[in-house]
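Taking it in order: structure first as structure tokens, then the write-up.
Derivation of every value follows stated rules applied to the coordinates shown; laboratory data play no part. Since the model is a prediction, treat every value here as computed from it, not as a measurement. All Cβ positions, even for glycine, are placed from backbone atoms using ideal geometry, and neighbour counts span all protein chains on display.
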Amino acid sequence: MKSIILTGSTSGIGKAVARELLQSDCRVVGIARSENPFPDESNYFHVRKDLSLGSGLEDGFLEAIEKTKGSEEIYLVLNAGTIDPMKPIEQAGSTEIRMAVQLNLTSVLLFASVFIRELEDFQGRKKILSVSSGAAKKAYPGWTVYGATKAAVESLTRNIAVEQSGRKYPVEIVSLAPGVVDTPMQSHIRETSEAEFPLKARFVSLKEEGALKTPEEAAEGILRVLFSQEYPSGSVLDIRELG
Ligand SMILES: NC(=O)c1ccc[n+]([C@@H]2O[C@H](COP(=O)([O-])OP(=O)(O)OC[C@H]3O[C@@H](n4cnc5c(N)ncnc54)[C@H](OP(=O)(O)O)[C@@H]3O)[C@@H](O)[C@H]2O)c1
């Protein structure tokens, strides 16, 4: 059996990924703040954690790893994220900057670290996929914290891949930008003021033109990359550039 630990399983892209995995008889261990989104699914386990807080994350993650016992393949999808604080950097408060970096970057580093350490002797396939963003490479006014954390996620993907390359049972790692996807995060972008996010009109137009991907389409791309053998470890991918 395949087990997948998935952060941000309660909404948007992550919820669609979890639903698709459960339909394929995988075991899913979701991590998020909200309640269990799949209370009737026997293959779904839920760990409630606020990943923007510094404390208790390692224990929560160890609890998640414990649920994967007996699996032949173990995957980690690091999907939880926030686009806040969405405003010019000088207007962002220290607490909101710290919490965003903790969620989008520190929890990714910490979970990757514990996953690699705890599964060092596991001989089945083990792979990490982090959800990145086009904002890792392209500048958007108002998305300074978001873009910085996503660029760092792409960097850690390349670095962990070279660290793992000589190991006896290496962990594979890739990152994937999912395109512009119709989720609560996109609604939040469209509801923000132009003073805070001057490019808001572009995202309103994308929605009006029907140009957004559905969460199910994004989930399909994420799972294709997750289970594929095609992409070398360390690949930094964008769904829009995949065939
Ligand atoms: N939508 C897009 O167009 C787009 C584009 C590029 C990249 N992405 C990336 O895709 C990923 C998913 O985004 P989405 O659009 O699906 O967003 P979303 O609908 O807002 O979902 C975000 C998920 O992250 C979890 N989360 C948020 N804050 C958390 C916290 N403090 N602790 C634990 N979990 C937390 C949420 O769960 P709880 O609220 O239950 O905690 C939720 O399950 C993010 O990494 C985002 O940067 C999205």
Check your understanding: Restricting attention to segment 202-243, which residues are in a helix (DSSP H, G or I), more than 12 Å from the ligand (Cβ to nearest atom) and farther than 24 Å from Gln23 by Cβ?
Key -> Arg202, Val204, Ser205, Glu208, Glu241
Study note, to complete from the structure: Residue pairs qualifying under the 7 Å Cβ cut-off, at least six apart or on distinct chains, with the first in segment 231-243 being within 21 Å of Asn159 (Cα to Cα) and the second being among the β-branched types (Val, Ile, Thr) and exposed (fewer than 13 other Cβ atoms within 10 Å of the Cβ), are Gly234/Val162
Study note, to complete from the structure: In segment 167-201, anything more than 15 Å from the ligand (Cβ to nearest atom) and assigned to a strand (DSSP E or B) is listed as Glu172, Ile173
Point to revise | Scan of segment 57-91 for residues that are among the small types (Gly, Ala, Ser) and either without any contact (Cβ under 8 Å) to a residue 60 or more places away in the chain or within 13 Å of the ligand (Cβ to nearest atom) (or both), ordered by number | key: Gly60, Ala64, Ala80, Gly81
Check your understanding: Ser24: farther than 13 Å from Leu76 by Cβ and near the ligand (Cβ under 7 Å from one of its atoms), yes or no?
Key -> no
Check your understanding: If you scan segment 206-224, which residues turn out to be touching a Lys or Arg at 6+ places or on another chain (Cβ under 9 Å) and buried (at least 19 other Cβ atoms within 10 Å of the Cβ)?
Key -> Pro215, Ala219, Gly221
Practice item. Give me a count of the residues in segment 73-93 that are within 12 Å of Leu119 (Cα to Cα) and assigned to a loop (DSSP other than H, G, I, E, B). Key: 0
Revision key, fill the gap. In segment 223-243, anything under 18 Å from Ala161 (Cβ atoms) and not acidic (Asp, Glu) is listed as Val225, Leu226, Phe227, Ser228, Gln229, Tyr231, Pro232, Ser233, Gly234, Ser235, Val236, Leu237
Study note, to complete from the structure: Those residues of segment 1-35 which are of a type in the set (A, V, I, L, M, F, W, C), touching a Cys at 6+ places or on another chain (Cβ under 8 Å) and not in a loop (DSSP other than H, G, I, E, B) amount to Ile4
Point to revise | Single residue of Phe227, Phe203 found to be surrounded by 12 or more Cβ atoms within 10 Å (Cβ to Cβ) and closer than 16 Å to Asn79 by Cβ | key: Phe227
Check your understanding: Restricting the search to segment 27-56, which residues are within 12 Å of the ligand (Cβ to nearest atom) and in contact with a Gly (Cβ under 9 Å, 6 or more places away or on another chain)?
Key -> Gly30, Ile31, Ala32, Asn36, Pro37, His46, Val47, Arg48, Lys49, Asp50, Leu51
